[in-house]
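The values are calculated or read from the model by the stated rules, or taken from the named source; none is laboratory data. Computed from a predicted model, the values in this text were never measured in an experiment. In this analysis, Cβ positions are derived from the backbone assuming ideal geometry, glycine residues included, and neighbour counts consider all displayed protein chains. Heads up: the accessible areas ignore ligands, DNA and RNA and are worked out on the full protein's heavy atoms, side chains in. Shrake-Rupley method; radii C 1.70, N 1.55, O 1.52, S 1.80 Å.
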Amino acid sequence: MDYIITTDLPNAEEFVKLRVDAGLSFRSIEVSRQALLKSVYFVGLRSKEDDTLIGMGRLVGDGIMFIVSDIAVLPEFQGKGYGKLIMTHIKNYIDSNLDKTACVTLLADVPADRLYKQFGFRESAPASIGMIYQMKTA
């Protein structure tokens, strides 16, 4: 498939659609609209044929702490190196733009953790452990 790489933010609707279609959890359109504006860096893959967003990833942060987030590729394009391509762009941005004392984290679903390990990410235990708090939905 022919694709273009973009750093332009998608609209919230296509962001949410790709998340869901790729198997990530649903986020509301309005919350996603606000969250996208807080992206430090975004990389997307779009089909040259019809401009569909087929893959994406982003980096969010405040200058000290950063999170790699929303790595998603449509199922029909998974296993073809697109996730690795997205992570290559994010890692290049991290290495070229962030202060060397910045802390970059991510939450990895298994087996996606294998992808992130290729880019130098490692499990933080036993020195620290990742924790998550999720509000319950009604």
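Laid out as a table, the results:
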read-out: Residue check for Met65: in contact with a Cys (Cβ under 6 Å, 6 or more places away or on another chain) and modelled with pLDDT of 95 or more; value: yes
read-out: Filter pass, Val68 being of a type in the set (A, V, I, L, M, F, W, C), under 23 Å from Asn97 (Cβ atoms) and touching a Ser or Thr at 6+ places or on another chain (Cβ under 7 Å); value: no
read-out: Filter result (polar (S, T, N, Q), surrounded by 12 or more Cβ atoms within 10 Å (Cβ to Cβ) and outside any loop (DSSP other than H, G, I, E, B)) within region 78-112; value: Thr88, Asn92, Thr105
read-out: Residue ID - farthest from the chain's Cα centre (by Cα), chosen from residues in region 51-77 that are without any contact (Cβ under 8 Å) to a residue 24 or more places away in the chain and open to solvent by 90 Å² or more (accessible area, probe 1.4 Å); value: Glu76
read-out: Enumeration of residues in region 15-50 that are touching a residue at least 24 places away in the same chain (Cβ under 8 Å), more than 25 Å from Pro111 (Cα to Cα), open to solvent by less than 90 Å² (accessible area, probe 1.4 Å) and part of a helix (DSSP H, G or I); value: Ala35, Leu36
read-out: Boolean, Ser124 is modelled with pLDDT under 90 and surrounded by 10 or more Cβ atoms within 10 Å (Cβ to Cβ); value: yes
